[in-house]
Amino acid sequence: MVLIQIKLGNLCIAAHNYKNGTFFSNLSLLKNGDIITIYDKNGISLDYIVYDFYVSNADDISSINQDTNGEKIITLITCDSIDNHYRTIIKAKEF
């Protein structure tokens, strides 16, 4: 059996928003309280609960801050507009 060991901090995952159902194109549909499940290559999973959703300027990198007050956090990031001036940010903590 393989155990997932994620250290404390903020795991950031960024992906394209093609607005066609692929990659992070449906990220904006998530809302506070939704569960995100991440699987490793062996099928072991960890669940995270969404607690924050916001849009930021493309040059704002504060969402990738590693100071999480001892919590395991994931941050999902994608572009929010055709001209890439904004980013959709989803924050979730281990559930």
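Any read-out appearing in this document is the output of simple, stated calculations on the displayed coordinates, not a laboratory observation. This is a predicted model, so every value here is computed, not measured. Heads up, the Cβs are rebuilt from the backbone with ideal geometry, glycines too, and the neighbour counts pull from every protein chain shown.
Laid out as a table, the results:
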read-out: Label-to-label distance, nm, for residues given as TYR18 and ASP59 (7 Å Cα→Cβ offset); value: 3.0 nm
read-out: Ranked CYS12, CYS79, criterion: other C-beta atoms within 10 Å, fewest first; value: CYS12, CYS79
read-out: Which of ILE74, ILE36 has the fewest Cβ neighbours within 10 Å, and the rest in rising order; value: ILE36, ILE74
read-out: Value of Rg to Rh for the chain (Rh from inverse mean 1/r over Cα pairs, i.e. Kirkwood); value: 0.98
read-out: Relative contact order (percent, whole number), region 9-94, Cα cutoff 8 Å, 6+ residue spacing; value: 37 percent
read-out: Residue of ILE44, ILE35, ILE13 that the Gaussian network model of the chain assigns the largest fluctuation, springs spanning Cα pairs under 10 Å; value: ILE44
